[in-house]
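The block underneath contains the structure these notes are about, expressed in structure tokens.
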Amino acid sequence: MTSSGPLPAFELLRPSPWKMLALLAISAGLVWMAVAIGDRNPLFAWICGGFFGACALIALVALLPGANHLRLDADGIELRSLFRVTRWGWRDVVRFGPTRVGLHTLVGVDFADHVDTARRMRRLNRGLSGFDGALPDTFGHRAADLAAKLDRWRAAHA
């Protein structure tokens, strides 16, 4: 899936909305079930309804335009997740690669030694997945293809 032509000035990748639509539908169904059992077990209904209502709200926010993306440019990677932005320069990343996290295959990220943020969490992640961290989505690509694309950008701009 990698091409040999020159890279564009920037590339913007967006996640597929289907996962969030599924989360929204399932959460809404479970909130409805919590309301239905509310008269028989109010405490359980409030706890379940509150939790799945929060899940539905997160799914709704994630579906808003501009809430999530992966932007690649000459300076590095901008990861936007629920409107929160994280930015890594290309020199801050050592490698990308596919990794399994639970049932999902994601793109793992290894950071350079000079990056000091979240060292303990990075050690824990490395023990679980073999990488310092992982991207939250594959943005419409297979994990191996996205990792190759990211490595191509890193090699061109590092």
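The values are calculated or read from the model by the stated rules, or taken from the named source; none is laboratory data. Source: prediction; values computed, not measured. All Cβ positions, glycine included, derive from the backbone under ideal geometry; neighbour counts span all protein chains shown. Each accessible area value is taken on the protein alone, full model and side chains, heavy atoms only, with ligands, DNA and RNA left out. Shrake-Rupley method; radii C 1.70, N 1.55, O 1.52, S 1.80 Å.
For the stretch 31-69, which residues satisfy the criterion of being closer than 23 Å to Gly108 by Cα and in contact with a Lys or Arg (Cβ under 8 Å, 6 or more places away or on another chain)? I'd like the intermediate steps shown before the answer.
In the first step, residues of the stretch 31-69 are kept if they are closer than 23 Å to Gly108 by Cα; the result is 62, 67-69.
The answer is Ala67, Asn68, His69.
Residue check, Arg123 against (1) part of a strand (DSSP E or B); (2) over 26 Å from Ile58 (Cβ atoms), all met but one. Which one?
(1)
Please count how many residues of the stretch 61-90 are without any contact (Cβ under 8 Å) to a residue 40 or more places away in the chain, at negative phi and open to solvent by 30 Å² or more (accessible area, probe 1.4 Å). Don't jump to the end; show me each part of the working.
In the first step, residues of the stretch 61-90 are kept if they are without any contact (Cβ under 8 Å) to a residue 40 or more places away in the chain; the result is 61, 64-67, 78, 80, 82-89.
So of that shortlist, the ones also at negative phi come out as 61, 64-65, 67, 78, 80, 84-89.
Applying the additional criterion that residues be open to solvent by 30 Å² or more (accessible area, probe 1.4 Å) yields 61, 64-65, 78, 80, 84-88.
Qualifying residue count for the region: 10.
Among the residues that make up the stretch 80-91, is at least one of them in a strand (DSSP E or B) and touching a Ser or Thr at 6+ places or on another chain (Cβ under 9 Å)? Quick ask: steps written out before the conclusion?
Within the stretch 80-91, the first condition is being in a strand (DSSP E or B), and the residues that meet it are 80-81, 84-89.
From what is left, the residues that are touching a Ser or Thr at 6+ places or on another chain (Cβ under 9 Å) are 80.
Yes.
Hey, any hits in the stretch 110-120 for a residue that's assigned to a strand (DSSP E or B), closer than 21 Å to Arg14 by Cα and not aromatic (Phe, Trp, Tyr)?
Of the residues in the stretch 110-120, the ones assigned to a strand (DSSP E or B) are 110-111.
Restricting the remaining residues to those that are closer than 21 Å to Arg14 by Cα gives none.
No, the stretch 110-120 contains no residue that is assigned to a strand (DSSP E or B), closer than 21 Å to Arg14 by Cα and not aromatic (Phe, Trp, Tyr).
Which condition from (1) assigned to a helix (DSSP H, G or I); (2) loosely packed, with under 12 Cβ neighbours inside 10 Å is the one that Asp39 breaks?
(1)
So, Leu106, is that one in a strand (DSSP E or B) and buried (at least 16 other Cβ atoms within 10 Å of the Cβ) or not? So that I can check it myself, show each step before the final result.
Details: in a strand (DSSP E or B): yes; buried (at least 16 other Cβ atoms within 10 Å of the Cβ): yes.
Judged against the criteria, Leu106 is a match.
Quick check on the stretch 42-60: of everything there that is touching a Leu at 6+ places or on another chain (Cβ under 7 Å) and open to solvent by less than 60 Å² (accessible area, probe 1.4 Å), which residue is farthest from Arg84 (Cα to Cα)?
Cys48
Which members of the stretch 126-158 meet the condition of being part of a loop (DSSP other than H, G, I, E, B) and among the polar types (S, T, N, Q)?
Filtering the stretch 126-158 for residues part of a loop (DSSP other than H, G, I, E, B) gives 130-132, 135-142, 158.
The answer is Thr138, and nothing else.
Quick check on my filter: what residues within the stretch 109-158 are farther than 26 Å from Lys19 by Cα and touching a Ser or Thr at 6+ places or on another chain (Cβ under 7 Å)?
Passing the criteria: only Arg152.
Which condition number does Arg142 fail, the rest of (1) open to solvent by 50 Å² or more (accessible area, probe 1.4 Å); (2) of a type in the set (D, E, K, R); (3) within 29 Å of Gly5 (Cα to Cα); (4) more than 16 Å from the chain's Cα centre (by Cα) being met?
Single failed check for Arg142: (4).
Return the residues of the stretch 91-103 that are open to solvent by less than 30 Å² (accessible area, probe 1.4 Å) and of a type in the set (Val, Ile, Thr); say none if nothing qualifies. Break it down into steps so the answer makes sense when it comes.
Kept after step one, since they are open to solvent by less than 30 Å² (accessible area, probe 1.4 Å), are these residues of the stretch 91-103: 93, 96-97, 99.
Within the stretch 91-103, Val93, Thr99 qualify.
Is at least one residue of the stretch 70-77 among the small types (Gly, Ala, Ser) and touching a strand residue (DSSP E or B) at 6+ places or on another chain (Cβ under 6 Å)? Reasoning before the result, please.
Restricting attention to the stretch 70-77, the residues satisfying the condition of being among the small types (Gly, Ala, Ser) are 74, 76.
In the following step, the residues that additionally are touching a strand residue (DSSP E or B) at 6+ places or on another chain (Cβ under 6 Å) were identified as 76.
Yes, the conditions are met somewhere in the stretch 70-77.
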